[in-house]
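Below: one structure, written as structure tokens.
The values are calculated or read from the model by the stated rules, or taken from the named source; none is laboratory data. These figures come from a predicted structure and were not determined experimentally. Note that we place each Cβ from the backbone using ideal geometry, even for glycine, and neighbour counts take in every protein chain shown. Remember, those area values only see protein heavy atoms, side chains included, never the ligands or the DNA or RNA. Shrake-Rupley method; radii C 1.70, N 1.55, O 1.52, S 1.80 Å.
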Amino acid sequence: MTDTPEPTKAHFRSDVTVDLVKSAATDSDVLFAARVSTAGEQSLEEVTKDPERSKGLINFLMRDRHGSPFEHNSMTFFISAPIFVFREFMRHRVGWSYNEESGRYRELEPVFYTPGESRKLIQQGRPGKYEFVEGTPEQHALTSRVMEDSYRQAYDAYQEMLAAGVAREVARAVLPVGLFSTMYATCNARSLMHFLGLRTQHELAKVPSFPQREIEMVGEQMEQHWARLMPLTHAAFNKNGRVAP
């Protein structure tokens, strides 16, 4: 009699996480970079000055889209999210650096994404002019059940191939984009503002955006970290319509 294999011990998540692991980003960075054009070496004095005294300059730079002073800073985030979120991230190339965990070099863990109850499920309208609305409890239950069953089946197939000696880089092909991955993402304030302008919805935005909710969840957490590091720059971004300079 053959023993029935144990079901995959999969873990299902509806959240994403973003940790700020390293930063060199302050409002003063914007000020000394901007003032070098008129003050030369004296602009170094801005490094130790209170940036609150010069928040008007930051607002001017944002308003008139003098963007380069916002590049003299750096933030590195550690992000845990479904693979399909990272595939959207890779569209953002200017001012970004990425390193993601590799299915070639490590066995991937069975952690998968399922939408939470607040995730709108139903798409109405046509491309370019559609909206998402709430799903019914039955639709949410169906979505979770079908996703979880599919994830377990895919991960069982992955494990079967690994057990047979198939290389990780080959076996990973059966895994879905709902699998969680991790990556480091490094950017500056200007590149982050461009990302936020496209990947978050906000009542102050001059230009509407229609992001997929899961990457917006990442963007919201990144913005919270950035706002604490550079409050004057963040305020100017919001005041001027959330358009990257």
Item to complete: Compute the long axis of helix 213-229 from its Cα atoms, compare it with the longest principal axis of the Cα atoms of the chain, and write down the angle in degrees, 0 to 90, nearest 10.
Response: 40 degrees
Fill in: the chain: angle of helix 137-163 to the longest principal axis, Cα-based, in degrees nearest 10
80 degrees
Discussion item. Please list, by residue number, everything in region 112-137 whose backbone N is under 16 Å from a paramagnetic label point 7 Å out along Cα→Cβ of Ser150.
Written reply: 112-116, 121-123
Worksheet item: Using unit Cβ charges (K, R positive; D, E negative) and no other charged atoms, how large, in debye to the nearest 20, is the dipole of the chain about its Cα centre?
Response: 880 debye
Worksheet item: To the nearest 10 degrees, how steep is helix 27-39 against the longest Cα principal axis of the chain, on a 0 to 90 scale?
Response: 40 degrees
Worksheet item: Given a 1.4 Å probe, how much area per residue of region 137-245 is accessible, in Å²?
Response: 50 Å²
Discussion item. At R0 = 41 Å, how high is the FRET efficiency between Arg65 and Glu117 if r is their beta carbon distance? Nearest 0.05 is fine.
Written reply: 0.50
Worksheet item: In the chain, what is the count of Lys pairs whose alpha carbons are under 26 Å apart, counting only pairs at least 8 residues apart or on separate chains?
Response: 9
Worksheet item: Dipole size in debye (nearest 20) for region 27-131 around its Cα centre, Lys and Arg Cβ +1, Asp and Glu Cβ -1?
Response: 660 debye
Worksheet item: Hey, with R₀ at 35 Å, roughly what FRET efficiency would Lys206 and Arg93 work out to, going by the Cβ-Cβ distance, to 0.05?
Response: 0.90
Discussion item. Let me check I've understood the local charge: for Tyr113, count other residues with C-beta under 12 angstrom from its C-beta, Lys and Arg +1, Asp and Glu -1. What total comes out?
Written reply: 0
Worksheet item: According to the square roots a ≥ b ≥ c of the eigenvalues of the Cα gyration tensor, what is the shape class of region 70-225, taking rounded for a/c under 1.5, prolate for a/b larger than b/c otherwise, and oblate for the remainder?
Response: oblate
Worksheet entry | Within the accessible area of the chain (1.4 Å probe), percent carbon and sulfur | 51 percent
Discussion item. Going by Cα centres, region 145-210 and region 60-97 are how many Å apart?
Written reply: 18 Å
Discussion item. If each DSSP helix of 4+ residues adds -39,500 (n - 2.57) and the sum is divided by the residues in the chain, what number results at 222 nm, nearest 500 deg cm²/dmol?
Written reply: -12500 deg cm²/dmol
